[in-house]
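Report on the following structure.
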Amino acid sequence: MNAQTFDPFEPYDYRHGSVVAGLRWKNPVGTASGTFKLDACGEYYDVSQLGAISTKGVSPVPWEGNPTPRTAESPSGMVNAVGLQNPGVDHYLLDELPKLKALDALVVTNVAGHSDEDYAQVVAKLAQSEADMLEINVSCPNVTHGGMSVGTDPIALERLVRRLRGMTDKPMIVKLTPNVTDIAETARAAADGGADALSLINTLVGMRLDTRTGRPIIANVTGGVSGPAILPIALACVWKVRRALPDMPIIGIGGISSGRDALEFLYAGANAVEVGAAALVDPQAPVRVAHELEELLDRRPRLADALEKGQAWQQ
């Protein structure tokens with residue numbers, strides 16, 4: 001099948017899958033958390049075609065998110081401060097998760113919190129759910145740690161992951177922030193706490209100003225930068241973490257908008273990738289990337305074989 005002419009609703013048997021933390025993805029491409037909502041995305045493609053669906057962050061109670069304006073354009077990307085708006089874990093368990101599982105999707109539930117207790121409450125409710133994997137978003141401002149993201153403090157991160165690890169047998173991914181001096185250090189902390197896999201990177205801190213007023217465009221002042229502009233940064237982070245942790249499953253995220261972008265992450269050492277901001281421009285981007293990558297892997301049997309075995313490319 002030509003990736004340029006794929007039917008996003010036509011059933012398709014992928015030739016090249018990947019194994020992440022013991023679970024097989026039918027292809028190495030998923031959605032990045034915060035950019036997927038079933039009611040919207042399901043209008044543009046069959047979500048079961050993807051390797052995995054990483055959901056929007058789920059919190060212990062409904063969160064309204066940040067005040068508007070929440071987004072601003074930036075060169076080759078965007079800045080957003082949506083604030084993890086979501087209807088809460090109870091609604092998620094009753095509504096979106098059953099719908100995704102009914103569509104035969106492999107579901108990665110993203111867990112958000114403003115304190116260690118928040119994370120624990122959500123994981124406790126998800127522990128016996130139909131979610132296939134949990135992705136702990138440690139980039140949230142955390143009141144337990146003075147408003148600082150727990151993902152920037154290796155000691156606090158290891159402690160939190162160890163606590164959550166004892167609450168569930170589900171494969172647990174820790175999503176790392178790039179807003180640190182050494183991402184390999186926080187990666188090791190997550191691994192030491194019991195993470196089964198890592199996803200990286202989350203957004204970088206940035207801002208835009210309105211030159212008519214001299215004031216920040218986003219009401220929250222700063223937000224997370226995503227899109228093609230961050231791809232080289234994300235690749236470098238994956239490369240560094242792969243060398244620090246040769247056997248840890250890694251999901252690469254950041255600026256992916258084509259199969260070739262995804263391929264770069266796999267050669268940097270990722271076992272799979274997630275597509276995020278590109279879907280806000282082209283809603284079919286995740287499944288298109290999956291089809292493009294499928295054809296590229298046809299011509300790279302060594303890489304394809306490694307992914308099927310749950311292994312990463314070694315330089």
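The values are calculated or read from the model by the stated rules, or taken from the named source; none is laboratory data. Computed from a predicted structure; not experimentally measured. As a convention, Cβ positions derive from the backbone with ideal geometry for all residues, glycine included, and neighbour counts pool all protein chains shown. Accessible surface is based on the protein model in full, side chains and every heavy atom, while ligands, DNA and RNA are left aside. Shrake-Rupley method; radii C 1.70, N 1.55, O 1.52, S 1.80 Å.
Mind counting the residues in region 1-31 that are hydrophobic (A, V, I, L, M, F, W, C), assigned to a loop (DSSP other than H, G, I, E, B) and more than 22 Å from ALA112 (Cβ to Cβ)? Break it down into steps so the answer makes sense when it comes.
Step one: of region 1-31, the residues hydrophobic (A, V, I, L, M, F, W, C) are 1, 3, 6, 9, 19-21, 23, 25, 29.
This time we only want the ones that are assigned to a loop (DSSP other than H, G, I, E, B), so: 1, 6, 9, 21.
Now narrow it down to the ones that are more than 22 Å from ALA112 (Cβ to Cβ): 1, 6, 9.
Adding up the residues that qualify gives 3.
Looking at VAL287, is it in a helix (DSSP H, G or I), at pLDDT 95 or above and crowded, with 24+ Cβ neighbours inside 10 Å?
Yes, satisfied.
Regarding GLY34, is this residue surrounded by fewer than 17 Cβ atoms within 10 Å (Cβ to Cβ), in a loop (DSSP other than H, G, I, E, B) and not hydrophobic (A, V, I, L, M, F, W, C)?
Criteria not met by GLY34.
For region 237-250, give me the residue count where each residue is touching a residue at least 24 places away in the same chain (Cβ under 8 Å) and out of contact with any Leu (no Cβ under 7 Å at 6 or more places or on another chain).
Adding up the residues that qualify gives 8.
Taking interchain pairs and intrachain pairs at least six residues apart, which have beta carbon atoms under 7 angstrom, with the first residue in region 99-118 and at positive phi and the second of a type outside the set (Phe, Trp, Tyr)?
Cβ pairs passing all conditions: ASP104/SER48.
Within region 218-227, can you find the residues that are buried (at least 18 other Cβ atoms within 10 Å of the Cβ) and either more than 24 Å from VAL111 (Cα to Cα) or of a type in the set (Gly, Ala, Ser) (or both)?
If the condition is that a residue be buried (at least 18 other Cβ atoms within 10 Å of the Cβ) and either more than 24 Å from VAL111 (Cα to Cα) or of a type in the set (Gly, Ala, Ser) (or both), then ILE218, GLY223, GLY224, SER226, GLY227 are the ones that fit.
Within region 169-214, how many residues turn out to be open to solvent by 10 Å² or more (accessible area, probe 1.4 Å) and among the hydroxyl-bearing types (Ser, Thr, Tyr)?
The number of residues fulfilling the criteria is 4.
Just to be sure I understand, how many residues within region 238-263 are more than 17 Å from SER54 (Cβ to Cβ) and buried (at least 24 other Cβ atoms within 10 Å of the Cβ)?
Looking only at that region, the number is 2.
Which residues, taken from region 130-144, are farther than 23 Å from PRO249 by Cα, open to solvent by 20 Å² or more (accessible area, probe 1.4 Å) and not aliphatic (A, V, I, L, M)?
PRO141, THR144
Which is part of a helix (DSSP H, G or I), touching a residue at least 40 places away in the same chain (Cβ under 8 Å), over 17 Å from ALA187 (Cα atoms) and open to solvent by 60 Å² or more (accessible area, probe 1.4 Å), of LEU307, LEU266, LEU280, LEU293? It would help to see each step written out before you state the result.
Numbers: LEU307 fails: open to solvent by 60 Å² or more (accessible area, probe 1.4 Å); LEU266 fails: open to solvent by 60 Å² or more (accessible area, probe 1.4 Å); LEU293 fails: open to solvent by 60 Å² or more (accessible area, probe 1.4 Å).
Criteria check complete, one pass: LEU280.
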